[in-house]
1. So which of 115, 93, 104 ends up being at pLDDT below 90, touching a helix residue (DSSP H, G or I) at 6+ places or on another chain (Cβ under 6 Å) and assigned to a helix (DSSP H, G or I)?
2. Name the residues in region 119-137 that are touching a helix residue (DSSP H, G or I) at 6+ places or on another chain (Cβ under 7 Å) and over 22 Å from residue 109 (Cβ atoms), would you?
3. Touching a residue at least 60 places away in the same chain (Cβ under 8 Å), closer than 30 Å to residue 24 by Cα, out of contact with any strand residue (DSSP E or B) (no Cβ under 6 Å at 6 or more places or on another chain) and not in a helix (DSSP H, G or I): which single residue out of 162, 64 fits that description?
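The values are calculated or read from the model by the stated rules, or taken from the named source; none is laboratory data. The shown structure was predicted, so the numbers you read here are calculated from the model rather than taken from an experiment. Cβ coordinates were reconstructed from backbone atoms using ideal geometry, including for glycine residues, and neighbour counts include every protein chain displayed.
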């Protein structure tokens, strides 16, 4: 005799067997974990460089390692590990990664350097000048090439660990 499964039975069995979307989507989880790890590490790399603790570095842009690079390379690597490196999704993720890393070490880095110079110019203005009391521009926007490469290495490493632990 054929067994009949109702929609309610199917729905309840899917609900009980399907984990959260973040943990079931290895590329998404790898990207999120790599980003979070890079942001967490910025507190320690900032301490090493500046010899002071600054927990605000966990929420800011710029610094070592690049969390943007870590997240996009983790995404690309996880897609490559999961779906293979010959697919369209991997190609898309690699191109996205290249654009993000180029932007971080090019456009955003130079925008931060320009902000630094503009802040210095504004500080030297006489107090009666209308711009002398302007709020300073954010200077930590981009990354040096070393910070971008460190983020990329971290992203691939996190993705590899996630892949290896998921398929054990």
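1. 104
2. To start, the set of residues in region 119-137 that are touching a helix residue (DSSP H, G or I) at 6+ places or on another chain (Cβ under 7 Å) comprises 131-132, 134, 136-137.
Within region 119-137, 131, 132, 134 meet the criteria.
3. Values: 162 fails: not in a helix (DSSP H, G or I).
Checking each option against the conditions leaves just 64.
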